[in-house]
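Read-outs throughout are calculated quantities, based only on the coordinates presented, and are distinct from any laboratory measurement. Only a predicted model underlies this, so the values are computations on that prediction, with no experimental measurement involved. FYI the Cβ positions are ideal-geometry reconstructions off the backbone, even for glycines, and counts take in every protein chain you see.
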Amino acid sequence: MAILRLESGTIYTEISGIGQAALTEIEQQLSSLQIEIGQLPLEKYLPQPNLSKSLQDLFQLDILNLSQKQEILQILSPKATTSNYFGICTHCDLIVANLASPSLYQLLAQGSRPHVHSEEQVLYVLSGECILGFSHPDGYLIELMLRSQEYIKVPAGVRHWFSLSASLDLKAIRYFTQMSKDSPKKSHDEFHYSCRSGD
């Protein structure tokens, strides 16, 4: 379950699933930033629900080789997932970060700097957890912990930062709505493996 902590120390812990109408406290706090958050069980998102078991097996591995990363992205790419939960996405990348990653602290240093994107970005946590931070328009800071099978849509231009939780374990997929200068290039580095919807 997601956890949202305000600068005042107030904590909220409930988010809704796909299709629920009532906004929870977390969603109300994020609505002024036009951020959408929710739970999405992998089985509902997959083009073929029977793929869930093979993906769950991959998520248990600390280190993924290139073919395993390709397999995950092939299953979860914008082209493969015909569901429209995240809108129209042109490309995606896979983030794999944990204590076994040699450049883990480099990733944490890059993500912890406040930044914006010129396109909408969706982060869907496959396993593990991460923390995103935001500045509320009323001037206070918000930290949001996302856990497995939770997602967040961050609109273009929203200032935010990213880190891992104390578990230092995350597998997540990021979806982007258009190619821009901020978009991940087709990369095969230690943390990211990217694909385009036409790949």
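Couple of notes before you dig in:
- For the pair Arg113 and Leu51, label points projected 7 Å from Cα toward Cβ lie 3.5 nm apart.
- R0 of 25 Å, Cβ-Cβ distance Ser31-Glu7: FRET efficiency to nearest 0.05: 0.90
- Estimated vicinal HN-Hα couplings, Hz - segment 163-171 in sequence order (Karplus 6.51, -1.76, 1.60; Gly, Pro = x): 8, 8, 6, 4, 5, 6, 8, 8, 10
- Computed label-point distance, nm, for sites Phe59 and Glu14 using a 7 Å Cα→Cβ extension: 2.4 nm
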